[in-house]
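The values are calculated or read from the model by the stated rules, or taken from the named source; none is laboratory data. Worth saying up front: this structure is predicted, and the values here are computed from it rather than measured. Backbone-built Cβ (ideal geometry, glycine too); neighbour counts: all protein chains shown. Surface areas here come from the heavy atoms of the whole protein model, side chains and all, with no ligands, DNA or RNA. Shrake-Rupley method; radii C 1.70, N 1.55, O 1.52, S 1.80 Å.
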Amino acid sequence: MKELIYVGVGGFLGTISRYGIQHLFGPVETVFPLAVWLINIAGCFFLGWFFTVTPTKWEIKPELRLLIGTGFTGAFTTFSSFSVDFVHLISIGELVLALLYVVLSIVIGLLMSYIGIKFGIWMLGQGTRKEKRI
C-alpha cells in the first residue's frame, strides 16, 4: 500500500509538471503537438539515465525510485496524449504530419533513451555496462 502512495505522489507531480510545460507553450501556431513531443522525448532521455545511474551511483530507496521513475516520469510523459494528437492530425487531414509525428516520436524517443543510458554509463565511468539490465 505504501508503494501506491509513492507512485501517486510522483504521478501528481509529473502531471502538474506536464500541465505547466504545456501551459507555457500555450496555443501554438502550428498543428504539430510540439509540447507533448518535447515532454515525451525528455522523458525518454531521463528514464534511460535515471535507471542507469540510480542502481549503482545513487543508491536511493526503492520507494523513491517508484516515485520518480514510475510515478513522476510515467505521468509526465504521456502515451495517451501522443495517441490523441496522432488521431487528431489524421482527422484534420494532416496525414503526412501525423506519420512524421509517429516516426519522430519513436525514432528520437529510442535514440534519447539510448543517449540517456550512455550518459549514465559515462557518469558512472564504467565504459560499458553489461551486468545490469534496465
Those helices (runs of 4 or more DSSP H) lying entirely in the stretch 51-127 with at least 3 residues small (G, A, S) and surrounded by 15 or more Cβ atoms within 10 Å (Cβ to Cβ): 95-124
Of the numbered conditions (1) under 25 Å from T15 (Cβ atoms); (2) among the hydroxyl-bearing types (S, T, Y); (3) at pLDDT 95 or above, Y114 fails exactly one; give the number of that condition. (1)
Quick one: which of I115, I106 is aliphatic (A, V, I, L, M) and closer than 21 Å to Q22 by Cα? I106
Being under 10 Å from the mean Cα position of the chain (by Cα) and more than 20 Å from I115 (Cα to Cα) narrows it down to one residue among F86, F79; which is it? F79
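If I filter the stretch 57-66 for residues that are farther than 26 Å from W122 by Cα, within 19 Å of the chain's Cα centre (by Cα) and touching a residue at least 60 places away in the same chain (Cβ under 8 Å), do I get at least one hit? Steps first, please.
Step one: of the stretch 57-66, the residues farther than 26 Å from W122 by Cα are none.
No, every residue in the stretch 57-66 fails to be farther than 26 Å from W122 by Cα, within 19 Å of the chain's Cα centre (by Cα) and touching a residue at least 60 places away in the same chain (Cβ under 8 Å).
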Residue selected from the stretch 12-42 under the condition open to solvent by less than 50 Å² (accessible area, probe 1.4 Å) and in a loop (DSSP other than H, G, I, E, B), by the criterion nearest to D85 (Cα to Cα): P33
Can you say whether F45 is assigned to a helix (DSSP H, G or I), out of contact with any Phe, Trp or Tyr (no Cβ under 7 Å at 6 or more places or on another chain), at pLDDT below 95 and not charged (D, E, K, R), as far as the supplied structure shows? no
Test Y6 against the criterion of being over 17 Å from the mean Cα position of the chain (by Cα), open to solvent by 70 Å² or more (accessible area, probe 1.4 Å), more than 15 Å from S113 (Cβ to Cβ) and hydroxyl-bearing (S, T, Y), and give yes or no. yes
